[in-house]
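Computed from the coordinates by the stated procedures, all read-outs in this text should not be read as laboratory data. If you're wondering where the values come from, they're calculated on a predicted model, not measured in any experiment. For neighbour counting, all protein chains shown are included, and Cβ atoms are generated from backbone atoms with ideal geometry for every residue, glycine included.
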Amino acid sequence: MEIKKRVLVTGGAGFLGSYLCERLLKDGCDVLCVDNLYTGSKSNIAGFLYKDYFELIRHDITFPLYVEVDEIYNLACPASPVHYQNDPVQTTKTSVHGAINMLGLAKRLKAKILQASTSEVYGDPKVHPQAESYWGNVNCIGPRSCYDEGKRCAETLFFDYHRQHKLKIKVARIFNTYGPRMHPNDGRVISNFIVQALQNCDITIYGEGLQTRSFCYVEDLIEGLVSLMKSPDEFTGPVNLGNPEEFTIREIAEKIIEMTGSKSQIIYKPLPEDDPFQRKPDIDLATEKLNWKPKIKIEDGLKRTIDYFDNILKM
Ligand code: NAD
Ligand code: UDP
């Protein structure tokens, strides 16, 4: 009988995690999803919850976990500013204690482990676009710090386990990613704007909307994560994964209003503290080492996401 690779995905019932689990199942892996369902849900994984070779464990990774697997993708952590600021101490614990627990597990099992890090490690960047060599500009005491510093500390732990214990690590710095299965109340910009536009409600731009982001469609991102895990052991990252096409938040609002044919008006609300002014990944390293580039244009990705929200809002 064929022996399947056993892969642990923490945060597997979340937005990105659910796509990753689905992809790994398609690739013939035996997938163990560990999630405390804080921002994730069973509905995200409903399509394969009862499939052979898929298993969900409800567990908080800030507590030790004893399982037997061959590879670990560590995605557990709320990603939306609204959610990660709701219980900031738990957010730091998830990144730091969670990383220690998962790295300890990987060490015992001699398993390869990938960390879902973030463009937030660059903070409010003074270098544009952001390459991996940039050390960032992060406030360590602000409302975003629980996430930013938690993720920075997790990267430190990954590299110390690599140097000290020879662990096989991979660190992906993920830039803003969007797509179907984002939660309608997730609070991130694309889901907020689409839900507001479809309901003809006011579109809430924070600040003047001149801040920029670069949005990657979820399927492109998953391809990048899987390629990184498969890359030669010498390549640890950190490597940026994101779409370098940059837009102002106002441009995104206008695009979504146009694509939905919405009657929504744009309104302006105060800019949250420490909101980064610009963000765009330099993806040369990912292209060179992983032969990876995002393929899906913003219009195509937005269309699929709008169709998704249109369906669930009718339910
Ligand atoms: P998400 O909030 O949809 O998913 C996170 C998942 O982790 C959820 O299912 C949640 O229930 C689970 N979780 C949270 N704390 C946990 C804990 N202590 N123990 C077990 N499970 C826990 O977010 P997402 O967009 O899918 O993000 C996934 C990962 O990718 C996160 O680590 C995030 O920091 C990273 N990331 C995402 C983006 C993005 O734009 N989506 C950008 C940068 C980095
Ligand atoms: N934003 C906005 N309106 C919203 C939600 C977000 O103008 O309803 C802005 C937010 O201030 C930020 C950008 O959109 O400048 C991206 O926010 P998001 O929460 O999606 O992710 P971030 O990149 O800030 O973590």
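Please identify every one of the chymotrypsin sites (Phe, Trp or Tyr not before Pro) in the stretch 4-77 that sits in a loop by DSSP and has no more than 10 other beta carbons within 10 Å of its own beta carbon.
Values: sites: Phe15, Tyr19, Tyr38, Phe48, Tyr50, Tyr53, Phe54, Tyr66, Tyr73; in loops: Tyr38, Phe48, Tyr50, Tyr53, Tyr66.
Answer in residue order: Tyr50, Tyr66.
Run through the DSSP bridge list for the chain and note the antiparallel percent, rounded to the nearest 5.
Looking only at bridges with both residues in the chain, the antiparallel portion is about 10 percent.
Taking H as built 1.01 Å from N, whose amide H comes closer than 5 Å to the amide H of Asp30, not counting residues under 5 places away?
Those lying under 5 Å, H to H, from Asp30 are Lys5, Arg6, Val7.
Give me a comma-separated list of calculated 3J(HN,Hα) values for the stretch 134-139, in order, Karplus coefficients 6.51, -1.76, 1.60 applied at θ = phi - 60°, integers in Hz, x for any Gly or Pro.
6, 7, x, 9, 10, 7
So how far, in whole Å, is the C-alpha centre of the stretch 165-210 from the one of the stretch 78-131?
17
Which residue, Asp202, Asp60, Asp30, has the most motion in a Gaussian network model of the chain that connects Cα atoms within less than 10 Å?
In the Gaussian network model the winner is Asp202.
Report ³J(HN,Hα) in whole Hz for each residue of the stretch 204-209, in order, from the Karplus equation J = 6.51 cos²θ - 1.76 cosθ + 1.60 where θ = phi - 60°; Gly and Pro get x.
Residue by residue, the stretch 204-209 yields 8, 8, 8, x, 8, x Hz.
Taking GluC sites (Glu not before Pro) that fall in a DSSP loop and have at most 11 other Cβ atoms within 10 Å as cut points, what is the longest piece of the chain between them?
Working: sites that count: Glu2, Glu68, Glu208, Glu234, Glu273.
Of all site-free stretches, the longest is 69-207.
Using C-alpha positions alone, give me the convex hull volume of the stretch 231-315 per residue in cubic angstrom.
Looking at the stretch 231-315, the number lands at 162 Å³ per residue.
Here is the link list: Lys110/Lys293; Lys26/Lys93; Lys110/Lys151. Which ones come out longer than 27 Å on Cα distance? Please report the intermediate quantities before stating the final value.
Values: Lys110/Lys293 30 Å; Lys26/Lys93 32 Å; Lys110/Lys151 23 Å.
The answer is Lys110/Lys293; Lys26/Lys93.
Using just the helices of the chain, give the 222 nm mean residue ellipticity in deg cm²/dmol: DSSP H runs with n ≥ 4 each add -39,500 (n - 2.57), and the total is spread over all residues, rounded to 500.
Helices in the chain give a 222 nm mean residue ellipticity of -12000 deg cm²/dmol.
Report, by chain and number, residues whose modeled amide H sits under 5 Å from the one on Gln130, excluding near sequence neighbours (fewer than 5 apart, same chain).
Lys280, Asp282
Cut-off under 14 Å on the C-alpha distance; same-chain residues fewer than 8 positions from Lys168 excluded. Which aspartates and glutamates are left, in chain and number order?
Reachable aspartates and glutamates: Asp70, Glu71, Glu155, Asp160, Asp233, Glu234.
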